[in-house]
Amino acid sequence: MLRRGFHRPWRWIGRSGGRRSNQVAGKESFSDDGRLPGGDNAVAFSLIGDPLAAVMAAMVSLVGLCIFRYAFTSMAEDPARRTFFVYLSLFAAGMFGVVLANNLLLLFMCWEVIGLASYLLIGF
């Protein structure tokens, strides 16, 4: 038997000050708005927490866990493993940003972070 709220892992996002958007096709979605101050024109960065984003974030977590575990065992003797794991963490953060971005500006910025991390990992 599932506990109440267990089937909606994205519900906690709304408690941190996020706003609840309208229900579309019977599914709830939340977005947590953060703004970059810029005088009268503030740039909004927002994350989305709908069911598809939750599934994709879980997939990124699972694949990332497998990659980190394999890299941890294969790079145990490498003296520059800290640098490698910084680059790999930057890549994982960019992937989470792409999956959870609610606007095109944040999606593009996270995509560029993935490109930078890929360049750094290839160069490593």
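Quick rundown of the values:
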{"read-out": "Which numbered condition Ala92 misses (of (1) out of contact with any helix residue (DSSP H, G or I) (no Cβ under 9 Å at 6 or more places or on another chain); (2) in a helix (DSSP H, G or I); (3) among the aliphatic types (A, V, I, L, M))", "value": "(1)"}
{"read-out": "Among residues of the stretch 46-67, those that are within 17 Å of Leu121 (Cα to Cα) and touching a helix residue (DSSP H, G or I) at 6+ places or on another chain (Cβ under 6 Å), counted", "value": "1"}
{"read-out": "Failed criterion for Tyr70 (all others in (1) modelled with pLDDT of 90 or more; (2) touching a helix residue (DSSP H, G or I) at 6+ places or on another chain (Cβ under 6 Å); (3) more than 22 Å from Ala53 (Cβ to Cβ) hold)", "value": "(2)"}
{"read-out": "Residue list for the stretch 69-93, filter: of a type in the set (Phe, Trp, Tyr) and either open to solvent by less than 60 Å² (accessible area, probe 1.4 Å) or touching a residue at least 40 places away in the same chain (Cβ under 8 Å) (or both)", "value": "Phe84, Phe85, Tyr87"}
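The values are calculated or read from the model by the stated rules, or taken from the named source; none is laboratory data. A quick note: this is a predicted structure, and the numbers were derived from the prediction, not measured. Note that we place each Cβ from the backbone using ideal geometry, even for glycine, and neighbour counts take in every protein chain shown. Remember, those area values only see protein heavy atoms, side chains included, never the ligands or the DNA or RNA. Shrake-Rupley method; radii C 1.70, N 1.55, O 1.52, S 1.80 Å.
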